[in-house]
Amino acid sequence: MAAEPPELAELDLHHHEVLHALRAKGPVAWLPAVGGWVILSRALAIEVMRNPETFTVDDPRFTTAKVIGKSMLSLDGLEHRRHRDPFAAAFRPGEVARRDNVNLSTLARTMVQELQPRGHAELRRELAGPLAVAVSAGALGLDDRPATELLGWYDVIVAGVERASRGEEVGAAAENAFESLAGALRAVATRSDSVLASLTGDLSDAELVSNAAVFLFGGIETSEGMTANVLHHLLANPEQLNAVRDDSSLVEAAVEESLRLEPAAARVDRYATRDVELGGCRIAAGDFVAVSLAAANRDPEEFDQPDRFDVGRRNARTHLAFAQGPHVCLGSTLARTQAAAAVAAVLQLPADIHLTAPVRTAGVVFRKPLSLQVAWTIERATPGGAW
């Protein structure tokens, strides 16, 4: 009797094991649990992402668009460029370095210093999440909104996207959360000093809101995830943590290796526009095609010992965590800078920092630790008052 196809719960709980089992059968596999084809090899993932004429995002089934509407994320061709270009110009690497590097380091250090006297923390929601909100919201002028409010909206929006990816209804809660976010973005766009005000030229009100939401979606959801993931990987591998502690030049290497091992966005979705053969499989026009960034980043044809976290890996930066082609992530420089700042700040905590509870990384589309509980020694003052 043939084995039953893996269910979504199995893909959530044992994501990489399922992908490895599929890869053993070929570089492309039909997966009933997602209702489409999964691209498992790095080479074919790049081929699909660089060919929007054959594998498009512009389809009514595109899950994020069901929640936030049409945007740069769900359009191709000239319309995609019209939506994306205004935002891309504001977040070029040079602009990010000039505007954000120093502020990000200071912000991350301040957050960690506030946690230090307690001797324990939950680093996902007490560092990675608030840092992602502060950076992304600040970039667009939403820095006056409470971090808990923005995180609350995005938790609900992400849950709606996850439901849509399973073929379920988005739900009223996600729709209401997006409307709340849209109202906040419209208010910011009326301020002459905001980035959004400078981007209104070629975009309608609805387009501006949807694209700003996409930027925040990546900036909050996936940046929180990538920061929490790298902290988890370091804390779960003490020898790697010590290597980074001894050589601060390895901080960026740790970020890249973590992006490879567990991309916060595990897949990107495409839809075939014509019949095409790929990896020995016949894909029909209209078929759903999930490009598994998680599988591509652990392709043994590209990466030696792909399931191992290794800050000394020489080709880690060839990962596909930020996608490729016309939809490559425009916030990648800002996200990398943010994650590196968080790691550098956490390294200032006592060297005995350690995980205090098992860590479960979860998600089918977006993957990050559910919780990251840690503790460290609290430094006490001596009787004479000196430390």
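What follows draws every value from the coordinates through simple rules; no lab data is involved. What you see is a predicted model; the values in this text were computed from it and never measured. Cβ atoms come from the backbone with ideal geometry, glycine included; neighbour counts cover every protein chain shown.
Find how many whole Å separate the alpha carbon centroid of region 277-304 from the alpha carbon centroid of region 61-89.
Each part reduced to its Cα centre gives a spacing of 23 Å.
What is the dipole size for the chain, taken about its Cα centre, with +1 at each Lys and Arg Cβ and -1 at each Asp and Glu Cβ, in debye to the nearest 20?
Values: 38 positive and 51 negative charges, 90 e Å.
That gives a dipole near 440 debye.
Compare Ala164, Ala284, Ala108 in a GNM of the chain, Cα atoms joined below 10 Å, and give the one with the largest fluctuation.
The residue with the greatest mean-square fluctuation here is Ala284.
State whether region 168-324 is rounded, prolate or oblate according to the following rule on the C-alpha gyration tensor (a ≥ b ≥ c being the square roots of its eigenvalues): a/c under 1.5 gives rounded; otherwise a/b larger than b/c gives prolate, and the remaining case gives oblate.
oblate
Label Arg274 and Ser249 with points 7 Å out from Cα along Cα→Cβ: what is the distance between them in nm?
4.9
Rounded to a whole number, what is D in µm²/s for region 272-313 from Stokes-Einstein with the Kirkwood radius over alpha-carbon pairs (25 °C, 0.890 mPa s)?
The estimated diffusion coefficient comes to 196 µm²/s.
Rounded, prolate or oblate, given the Cα gyration tensor of region 115-201, with a/c below 1.5 counting as rounded?
oblate
Filter the GluC sites (Glu not before Pro) in region 150-198 down to the DSSP loop ones having no more than 16 other Cβ atoms within 10 Å, then list what survives.
Glu168, Glu169
Excluding residues fewer than 8 places away in the same chain, name every one of the aspartates and glutamates whose C-alpha is closer than 15 Å to that of Lys66.
The qualifying aspartates and glutamates are Asp58, Glu162, Glu168, Glu169, Glu175, Glu179, Glu207, Asp269.
Sorting check: for 13-23, 242-252, which peptide has the highest mean count of neighbouring beta carbons within 10 Å, and how do the rest follow?
On the way: 13-23: 18.0, 242-252: 14.5.
Top to bottom by mean Cβ count within 10 Å: 13-23, 242-252.
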